[in-house]
Every structure is written in C-alpha cells, then in structure tokens.
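Engineer: Below is one structure. I have some questions about it.
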Amino acid sequence: MSGFDVLTRGDVLEQALQARDYLVACGVPAALAAKDPRLWGRRAVDHSRLAWLDLPFASRYLLDKVDGVVAEARFAGLDHVVLVGVGADALAAQAIMEEHAGSGGALTVLDGSDTAALAFTLERLDRTLVVLASKSGVSLEGDAYLRILADAFRRRGLTDREVAARFVVITDQGSPLHGFARGKGYRVGLTDPGLPGHLAALSAYGLVPAVLAGADVGQVLDEAAALAPALRNDKDNPGLLLGAIIGGCAQRGPEGLARDKLALHEPGGSGALSGWIAQALAAGTGKRGRGVLVLEPPGSPAGLADAHAIALNPRQGAQGDAETSVWAPLGAQFLLWEYATAVAGWLLGVNPFDPGGPVAQDAEDDAAELLAAAAGGPLPTGRPAFADGDVEVHTDLPVPRGADGLNAALAALLARVPPEGYLSVVTYLSGELSGRYLAPTLARRSGRPVVYGSGPGYLHATGSVHKRGPGGGAFLLVTGDPPEGDPVADTPVPGRPYGLASLQLARALAEERALRALGLPVVRVHLRDAVEGAGRLAEAVRALGAAAEAAGTRAQAAG
C-alpha cells in the first residue's frame, strides 16, 4: 500500500468537519507546519517537543550509523535481537517486525509480562544481540534482564568485553542510562531528550531494534515521508481530519455525552500497531480529567453510545460497523496518528507533549520500595478478603460471602462500573491466561467495554488515561504464584535479593495501591495454583455470563 486516506461517515462526519474548520480558523495546522510552540503556550512546550514532525527525514542518518552494527552482528552469527523495554518503548519496533515478518530476522521482547520470552532467549544466547531502550534510567525490568542475560553470557564463557559487545542501548542524551551504558562499554545510540516518548516511533527507539532484526526501515521512513507534505495543508490533510474526528468526538456534545472511547479494528485481529496507537493517545490526551481510551474488538460491545469505531486498512467492503476508515502503510500510520494525537489534544485543551512519566514512574518507584523493604522475604500482599479454593480475593468492595465468593467479587466489581465507564483487566502472570479470553463475556455481562493487557507494560504505557483521564475505570488485577515446573518463572536476579516472580508481584501490588489511592474500584485475584486458578477464574467469568443470559431470557419471557 502506497497511498493514504481517512474517510468517515454518519454523525461523526458532521462533528469532525466542524472541528476541522475550527482548527483551521485557529491556525493549528499552520502552526504545526511551522513547529510553533506557541500553540500550547511558550512555557508548555519548546521546539524540540515538535521534532517528531521531522523524523521521516532526520532519522535517515540512523541507517548509515546502524549499518556497521548490523554487518558486524551478522558476521558474528547474531540474527536474534532481544528488545528489553516496557510498554511504549517496545511497541513501535514490534509493529515494524509484524509488518516485515518475512524479513528473515527475529525480535523477542522482554517486558516483564511472560517468562516464556526469556526461556526462548536463553535457548538462543549464541545468536542473541540485546537492545535496551529507555528514555530515562534503567527500569526494574531492564535492570533484572540485563543482569540475568549478562550472567548467562558469562556462564557461556564470554569475557566482559565480549559481553559488552552483545548489548546496544538506546536512550536520551545525558540520561542516567547514558552514563550507565558508557561505564559498561555498551554501544550507545542517543536521541533528543525533548522528543516525547509516545511520539517517537520513527526515532531510534522504534527503528534501531527493527533494523537490527532485519526489517526494511528505509521503507518505513519512505512511507512516512510520503505523507509529510500533506500534513502541512489546511485542506486535504488526513492527519488534521483524523485528529478532528478523535478530538471532536471526545468533546461532550449537546446531549452531554462524550464519545471518548475508540474501538480499533485491524485486519486479522489487533496487533502491535493497535497497542502503539493506544499508548500514543493515552499519553497524549490522558490528563486533566480528559482523554481517549482505545478499545479492541473482543472487549467492545456493539452499540456503545460513547464510543466510535475506526478500521485500520480495511479490505474493500470490510469496514463493518466502523464509522471511520484509515488507509496508510505502516510508516505513514505512525506519523498520521502522532499528528492526530497532537491535534486531538489541542481540541481537548490538554498539552499532548506533557510527559505522562510520573504516572508510570511513581508506581515503579513504589514497587522498588516494596522489594527493598522485603529484602528477599515475602512481599506485603495483605490479608485476602477471602479465599475461594486456590484463588485469593483481595478487595475492599463489599462482597457477600458464600460458596461462590469469586463470582460474587466479580459481580461486585462489575456493579461499580459507571454508566460511561469501563473495566480493565490486567494480568501479571507467567502463564497463558490473558484478559483477551475474559473480555467478551465480561463486556456482555456489564454492557460496558473491557480493556485488557499484560502487566507491567499495559498500565505503564496507558496509565495516564486511566489515572489522569476522565475516570470511570474499574480494575481486575490477576496475580499468581510461579507455575510449577517452570524453571524460568522465578529466575533469581543476580546481585538482587529477589527473583522475577517477586518483581512481577511487586509491580502488581504497586499498581493496586496507586489505583486504590485514586478511589478507583479494584479487585485483585491471586492464583495460588497457576493452572487450577486460571481455570477457576475463567469458570467464574463464564458463570457470570450464563447468569446474565438466563436473566435476559426470563425478562423476555415475562415481557
């Protein structure tokens, strides 16, 4: 695909055209074309915060710089790239590799969500090059994986110099990670500290891991560069129209309802591009009680009055119920959504470049304090409200006790979802249980959308809209003991008094505390037995769905 277009219809069209005319009248597209920071006030943003507009051209220097590293890696037989990054730091590179799945390279992401990826990496150490991507310092997960992998390389007989040659660090000029990497002798790629992390897909963060893994990054930049001239226009500007659609819908209309939820549809199911869009919009718009929440089809019931659907590159005649369709190749999709995020933020009256870092960093700092205080001992998980078999239920919601305690706790949580709210399912597990499997039934049972993801990456990337946005979220957190027979699940972290399982649990406990401190309803279920507990949770969700269907059948019969 070489072209790009944004088409919309129905009520969204009228709202979007009004918003677009207002944007043009206020000089927004002209100011963005000139990279004028006065759009958000001189104190709110400087010129470097708008540098992402130049990345389709400015990032070409990366290709020459990385070519030597690629040639050296291939000569050494290193064709497996491991990307260590939590949340947004990894999503753009994943999207590029999904687009270039047949490139012959391989990219594995280690983000703390599943130890299967670590097991896969440890089996391929002789072929592995490690990339650590972070705008600031080394995250808890980054520190853990660096230590585990460096130790594994040494056990293979590599010298310190040979170990250092297996690591590449992408970070901001002058960041704490910059100094750390130089001290270790790692290769370092530097970026502009002013560049917003959620709008950095076409920077070294998204491109370097992908090109090392074999993707045609030059094509991605060509696709973005082809779109760039259209973004300087007042008319025929697809980014302006998309931003007007998103921001216009998210404002409260005459009926008092904001359509601030966006259901994304990708052909073949949601992938890393949808995840990247979700974090870009969450970080760019989620603040000051406003924000856009991205939904995926499994958790998005039809007919939601406060949501609208966008289809990404739909096949001809396959738009379905989507009111808006966006056609563009991957590189153009990155630039298009970054531009639309900035425009939507302006319409919502928020600064889309205001970093959402404190939201993620505060929870990570709390997790670090929990681990330090535990000093290798048990973490302070608190007493469960009750246990249902091998499943502990931690909540401060009033839940009637009985034989179906887990079912009752889930029903109590769903009852706390506001009329314009949503449920978020976040799993902190090393096993196969995903919120994707629970979302359809929970959405039918509640009549409200269900978003989901693996921790810590999901809330790390989208936490801004959950914690600083419109509110209305209810949260189901799922934690568990390490699965029996999984030798990697509780891998010790060399030089630290904890292992990966404790790190994962500490992350969940910190997020639980942060959400409760905001007054949001939370239920955390802890699976003492990973396999049996996952089955019991799935059974409880199915029972809720069956009860709702039975109640609906009885109501129809009575009517």
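The values are calculated or read from the model by the stated rules, or taken from the named source; none is laboratory data. Keep in mind the model is a prediction, meaning the values are calculated, not measured. No Cβ is skipped: glycine too gets one built from the backbone with ideal geometry, and neighbour counts run over all protein chains shown.
Engineer: Tell me the residue from A344, A311, A332 that is within 20 Å of the chain's Cα centre (by Cα) and either over 26 Å from V465 (Cα atoms) or outside any helix (DSSP H, G or I) (or both), please. Spell out how you get there, then give the answer.
Structural biologist: Details: A344 fails: either over 26 Å from V465 (Cα atoms) or outside any helix (DSSP H, G or I) (or both); A332 fails: either over 26 Å from V465 (Cα atoms) or outside any helix (DSSP H, G or I) (or both).
Going through A344, A311, A332 in turn, just one is within 20 Å of the chain's Cα centre (by Cα) and either over 26 Å from V465 (Cα atoms) or outside any helix (DSSP H, G or I) (or both): A311.
Engineer: Follow-up question, since we're still on this one. So, in region 377-395, of the ones that are touching a Pro at 6+ places or on another chain (Cβ under 9 Å) and of a type outside the set (A, V, I, L, M), which residue ends up surrounded by the most Cβ atoms within 10 Å (Cβ to Cβ)?
Structural biologist: Only one residue tops the list, namely E392.
Engineer: Something else about it: Does D260 meet the test of being of a type in the set (D, E) and over 30 Å from A58 (Cα atoms)?
Structural biologist: Numbers: of a type in the set (D, E): yes; over 30 Å from A58 (Cα atoms): yes.
For D260, the condition - of a type in the set (D, E) and over 30 Å from A58 (Cα atoms) - is met.
Engineer: Moving on. Residues that are in contact (Cβ under 8 Å) with a residue 60 or more places away in the chain, in contact with a His (Cβ under 7 Å, 6 or more places away or on another chain) and surrounded by 22 or more Cβ atoms within 10 Å (Cβ to Cβ): find the helices (runs of 4 or more DSSP H) completely inside region 1-95 holding 3 or more of those.
Structural biologist: Hits in region 1-95: none.
Engineer: Name the single residue, out of those in region 135-176 being buried (at least 23 other Cβ atoms within 10 Å of the Cβ) and polar (S, T, N, Q), that is farthest from V86 (Cα to Cα).
Structural biologist: T171
Engineer: If you go through region 138-157 one residue at a time, how many are outside any helix (DSSP H, G or I) and either in contact with a strand residue (DSSP E or B) (Cβ under 6 Å, 6 or more places away or on another chain) or of a type in the set (A, V, I, L, M, F, W, C) (or both)?
Structural biologist: We begin by selecting, within region 138-157, every residue outside any helix (DSSP H, G or I); these are 138-139, 156-157.
Applying the additional criterion that residues be either in contact with a strand residue (DSSP E or B) (Cβ under 6 Å, 6 or more places away or on another chain) or of a type in the set (A, V, I, L, M, F, W, C) (or both) yields 138.
Within region 138-157, residues that are outside any helix (DSSP H, G or I) and either in contact with a strand residue (DSSP E or B) (Cβ under 6 Å, 6 or more places away or on another chain) or of a type in the set (A, V, I, L, M, F, W, C) (or both) number 1.
Engineer: Still on this structure, please answer the following. So for region 115-134 (the condition being over 24 Å from A367 (Cβ atoms) and of a type in the set (D, E)), does at least one residue qualify?
Structural biologist: Yes.
Engineer: Being crowded, with 24+ Cβ neighbours inside 10 Å, charged (D, E, K, R) and on the phi < 0 side of the Ramachandran plot narrows it down to one residue among K235, K261; which is it? Lay out the reasoning, then the answer.
Structural biologist: Working: K235 fails: crowded, with 24+ Cβ neighbours inside 10 Å.
Going through K235, K261 in turn, just one is crowded, with 24+ Cβ neighbours inside 10 Å, charged (D, E, K, R) and on the phi < 0 side of the Ramachandran plot: K261.
Engineer: Against the condition buried (at least 23 other Cβ atoms within 10 Å of the Cβ), part of a helix (DSSP H, G or I) and outside the structural domain of G197 (by TED's automatic domain parsing), how does L476 come out, does it pass? So that I can check it myself, show each step before the final result.
Structural biologist: On the way: buried (at least 23 other Cβ atoms within 10 Å of the Cβ): yes; part of a helix (DSSP H, G or I): no; outside the structural domain of G197 (by TED's automatic domain parsing): yes.
Spelling it out, it is not the case that L476 is buried (at least 23 other Cβ atoms within 10 Å of the Cβ), part of a helix (DSSP H, G or I) and outside the structural domain of G197 (by TED's automatic domain parsing).
Engineer: Read through the list (1) out of contact with any Pro (no Cβ under 6 Å at 6 or more places or on another chain); (2) assigned to a helix (DSSP H, G or I), then give the number of the only condition that V188 fails.
Structural biologist: (2)
Engineer: Still on this structure, please answer the following. Would you mention how many residues in region 314-329 are outside any loop (DSSP other than H, G, I, E, B) and within 17 Å of G248 (Cα to Cα)?
Structural biologist: 3
Engineer: Can you report the number of residues in region 131-160 which are β-branched (V, I, T) and in contact with a Leu (Cβ under 6 Å, 6 or more places away or on another chain)?
Structural biologist: 2
Engineer: Here's another thing I want to ask about it. If you scan region 496-517, which residues turn out to be in contact with a helix residue (DSSP H, G or I) (Cβ under 6 Å, 6 or more places away or on another chain) and surrounded by fewer than 22 Cβ atoms within 10 Å (Cβ to Cβ)?
Structural biologist: A514
Engineer: Continuing with the same structure: Within region 1-40, how many residues turn out to be closer than 12 Å to D234 by Cβ and of a type in the set (D, E, K, R)?
Structural biologist: So the answer is 2.
Engineer: Turning to a different aspect of this structure: When you go through R416, R448 one by one, which is the residue that is buried (at least 21 other Cβ atoms within 10 Å of the Cβ), among the basic types (K, R) and under 24 Å from A517 (Cα atoms)?
Structural biologist: Details: R416 fails: buried (at least 21 other Cβ atoms within 10 Å of the Cβ).
Answer to the check: R448.
Engineer: Continuing with this model, one more query. Pick from region 354-380 the residues that are within 26 Å of the chain's Cα centre (by Cα) and part of a loop (DSSP other than H, G, I, E, B): which of them is modelled with the highest pLDDT?
Structural biologist: Step one: of region 354-380, the residues within 26 Å of the chain's Cα centre (by Cα) are 354-371.
Checking the rest, the ones that are also part of a loop (DSSP other than H, G, I, E, B) come to 354-356.
Details: D354: 75, P355: 63, G356: 56.
Here the answer is D354.
Engineer: Only one residue in G157, G183, G174, G137 is over 22 Å from G331 (Cα atoms), outside the structural domain of S502 (by TED's automatic domain parsing), under 22 Å from the mean Cα position of the chain (by Cα) and not β-branched (V, I, T). Which one?
Structural biologist: The unique qualifying residue is G137.
Engineer: Going by the conditions given, is A374 in the same structural domain as L544 (by TED's automatic domain parsing), buried (at least 17 other Cβ atoms within 10 Å of the Cβ) and not polar (S, T, N, Q)?
Structural biologist: Criteria not met by A374.
Engineer: Examine region 171-184 for a residue that is under 21 Å from G457 (Cα atoms) and without any contact (Cβ under 8 Å) to a residue 40 or more places away in the chain, and state whether such a residue exists.
Structural biologist: So far as region 171-184 goes, yes, one or more of its residues are under 21 Å from G457 (Cα atoms) and without any contact (Cβ under 8 Å) to a residue 40 or more places away in the chain.
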